[in-house]
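The values are calculated or read from the model by the stated rules, or taken from the named source; none is laboratory data. What you see is a predicted model, and the numbers here were worked out from it, not measured in a lab. Please note: Cβ atoms are built from the backbone with ideal geometry, for glycine as well, and neighbour counts cover all protein chains shown. Surface areas here come from the heavy atoms of the whole protein model, side chains and all, with no ligands, DNA or RNA. Shrake-Rupley method; radii C 1.70, N 1.55, O 1.52, S 1.80 Å.
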Amino acid sequence: HQLRAVERGVSDIEMHGTGKRYLIWHSAGSGKTKTIAWLSHRLIRHMNVDSKSTFDSVIVVTDRTVLDENIREDMNLVQSSKGLVVTVGEKSGAKSPQLKKALLEGDHIITCTLQTFPEVMKLIEDTKELRGRRWAVVADEAHSSQSGSAARRLKELLADVGLEFDEDDIDTELSADDLLRAKDSAIASSSNITFIALTATPKAKTLRLFGTERDGRWEAFDTYTMAQAIEEGFILDVLQNYSTY
């Protein structure tokens, strides 16, 4: 299922070009981190028919620092050239000279957390030399939310890109879905940005935002269900061993 998702994603981009959105619905415990690592490496090395890079940079977004570290480790496992993977730290964010250098140079995989993602996108929008370049954004657990102070900081950043919030709403949860919706007017609908979201538990709005419409229904681009993962021994069926309280 990991190989299938990567191959199918790359083939579809070859066939239809950049600018689409994809949802990969793979069960918990099925190795999404490795799927993200291999997919990112395939995309950054991919060439079009004119022997030009399909994407200038691949941006990998995770919602928790621990996950970000896991992804960084897995990225490095399949890394064959020094400096290919660039990490945007929580503290430096878009102010990182390393980030700007990597974006301008191109041919890099950039990993960042949900908190720094709006800053990265703002830097892309605000830097004249970066306009018109092609980006692939790979988002892990697209619907997972941030609340409290993290959400507050994100909302302050998003105010710059035209998403407004009521004062009562300032501490409510905010997810990667909301980040991309905030960019709908300008960046997310752009044909030079391809979004690929991975999740184990897609919500209806996640399916609508990233999914593929077939016969009036929204579906994931590639699916590996929990039932299949249990059947094949990737994960245990917790419902067989639960106790009431």
For the subset of the range 193-227 comprising residues that are under 17 Å from the mean Cα position of the chain (by Cα) and in a loop (DSSP other than H, G, I, E, B), which member is farthest from S40 (Cα to Cα)? K203
Residue by residue through the range 91-107, note down the ones that are open to solvent by less than 80 Å² (accessible area, probe 1.4 Å) and modelled with pLDDT under 60. S92, G93, A94
Quick one: in the range 134-155, which of the residues that are under 18 Å from the mean Cα position of the chain (by Cα) and open to solvent by 40 Å² or more (accessible area, probe 1.4 Å) is modelled with the highest pLDDT? R134
Unique match (being open to solvent by 60 Å² or more (accessible area, probe 1.4 Å) and modelled with pLDDT of 85 or more) among R217, R181, R208: R217
Please specify each residue of the range 28-64 satisfying the condition of being open to solvent by 40 Å² or more (accessible area, probe 1.4 Å) and over 20 Å from M121 (Cβ atoms). A28, G29, K34, W38, R42, R45, M47, N48, V49, D50, S51, K52
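Hey, any hits in the range 40-55 for a residue that's modelled with pLDDT of 70 or more, under 19 Å from F117 (Cβ atoms) and outside any helix (DSSP H, G or I)?
Among the residues of the range 40-55, at least one is modelled with pLDDT of 70 or more, under 19 Å from F117 (Cβ atoms) and outside any helix (DSSP H, G or I), which makes the answer yes.
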The one condition in (1) at pLDDT below 55; (2) under 23 Å from A37 (Cα atoms) that T111 fails to fulfil: (1)
Contact list, first residue from the range 1-12 and closer than 20 Å to F234 by Cβ, second anywhere and among the charged types (D, E, K, R), beta-carbon distance below 7 Å, six or more apart or interchain, is Q2/K34; R4/D222; A5/D222; V6/R42; R8/D222
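Here's the yes/no breakdown for (1) within 16 Å of T87 (Cβ to Cβ); (2) part of a loop (DSSP other than H, G, I, E, B); (3) open to solvent by 10 Å² or more (accessible area, probe 1.4 Å):
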| residue | (1), (2), (3) |
| --- | --- |
| I109 | yes, no, no |
| Q115 | yes, yes, yes |
| V120 | yes, no, no |
| E125 | no, no, yes |
| G132 | no, yes, yes |
